């Protein structure tokens, strides 16, 4: 979901003028022939980016020719340590200099044998069909990139940076940074810190849409909800299980959550469902649910790369309802239609030898 940044966008006419003024910075490298297809500049591709030349302060010569997305050199003669520069999996295509050709934004990761991993946003211009690393902006040491986008000449990076008290290994502060090209450089337009993180306590006291309650929703209190069943001594019970995972589910760079609810209605069934909860201004908003099964056993819940990974033991052929034995891994993704199963893999049976 893109937020409006119209007020900070550099007008395209001024941007074009800026690039003309800085022509010495973006001239076609000497000796490089145009790369044309049917008379038009060839488009940039991920393979082209993986084998392009990038300037970097982290390599001795000041620039690195990647091969299949990586470059390495000895830190010093006879040293086992190496300087490395790697193209990350985050990239985006779009016109950033108003010449109607799609350029590219990539994230480079550099290290020099120590514990640091330094992330850099790099802009690659399509210069007559050839990739030309135009300018860069440092993103930080051991940050975590959530997404990278180009829209209306604005480059948006959603990431986790280091908040107060964070160890270098483990950034937790969500940030959104927006850049564009102005006067021949990559400039930061806006840096925002979205709403606070969801907490497990907030999730344990949130409202969830559910088919069991009479009015279709359950307001948990300390992780539990119960409702009398009309004309019966039995009650509906809904409980939030201990498995909770945090991560971005909708691509806005803010940590959302995945939880599992366990519901029963007086019978022998215990129905477990996966719930997607979005962070809206720091508050939990339940947006989607999918049934995992009756009396399944949850083993792992993870959110990464906009997917929810569920590892559980479900019912295989011949299993009684009491005793599932089939271990599976499922991947779910939040879409406009709800939580959709994207992949399922059987990984063995309970009791199988490792």
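The values are calculated or read from the model by the stated rules, or taken from the named source; none is laboratory data. Predicted model only: the values in this text are computed from it and were never measured. Cβ atoms come from the backbone with ideal geometry, glycine included; neighbour counts cover every protein chain shown.
Things worth noting here:
- Unique match (being within 26 Å of residue 99 (Cβ to Cβ), under 18 Å from the mean Cα position of the chain (by Cα) and part of a strand (DSSP E or B)) among 124, 157: 157
- Residue satisfying all of: in region 164-189; in a loop (DSSP other than H, G, I, E, B) and buried (at least 16 other Cβ atoms within 10 Å of the Cβ); farthest from the chain's Cα centre (by Cα) among these: 184
- Residues of region 47-59 that are surrounded by 14 or more Cβ atoms within 10 Å (Cβ to Cβ), without any contact (Cβ under 8 Å) to a residue 60 or more places away in the chain and assigned to a helix (DSSP H, G or I): 50 alone.
- Taken together, 138, 161 contain a single residue that is in contact with a strand residue (DSSP E or B) (Cβ under 6 Å, 6 or more places away or on another chain), at pLDDT below 95 and within 19 Å of residue 189 (Cα to Cα), which is 161.
- Single unsatisfied condition, residue 192 versus (1) surrounded by 13 or more Cβ atoms within 10 Å (Cβ to Cβ); (2) touching a strand residue (DSSP E or B) at 6+ places or on another chain (Cβ under 8 Å); (3) within 30 Å of residue 97 (Cβ to Cβ): (1)
- Flag set for residue 300, criterion: surrounded by fewer than 12 Cβ atoms within 10 Å (Cβ to Cβ) and in contact with a strand residue (DSSP E or B) (Cβ under 7 Å, 6 or more places away or on another chain).
For (1) surrounded by fewer than 21 Cβ atoms within 10 Å (Cβ to Cβ); (2) out of contact with any helix residue (DSSP H, G or I) (no Cβ under 7 Å at 6 or more places or on another chain); (3) in the same structural domain as residue 58 (by TED's automatic domain parsing), each residue gets a yes or a no:
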residue: 117; (1), (2), (3): yes, yes, yes
residue: 124; (1), (2), (3): no, no, yes
residue: 137; (1), (2), (3): yes, yes, yes
residue: 142; (1), (2), (3): yes, yes, yes
residue: 149; (1), (2), (3): yes, yes, yes
residue: 153; (1), (2), (3): yes, no, yes
residue: 162; (1), (2), (3): yes, yes, yes
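- The combined condition, being in the same structural domain as residue 58 (by TED's automatic domain parsing), surrounded by fewer than 19 Cβ atoms within 10 Å (Cβ to Cβ) and modelled with pLDDT of 95 or more, is not fulfilled by residue 98.
- Residues of region 229-270 satisfying the condition of being in contact (Cβ under 8 Å) with a residue 40 or more places away in the chain, part of a strand (DSSP E or B) and surrounded by 16 or more Cβ atoms within 10 Å (Cβ to Cβ): 243, 244, 245, 246, 247, 256, 257, 258, 259, 260, 261, 263
- Taken together, the residues in region 199-223 that are more than 27 Å from the chain's Cα centre (by Cα) and not in a loop (DSSP other than H, G, I, E, B) amount to 4.
- Scanning region 312-332 for residues that are outside any loop (DSSP other than H, G, I, E, B) and crowded, with 17+ Cβ neighbours inside 10 Å yields 312, 313, 314, 326, 327, 328, 330, 331, 332.
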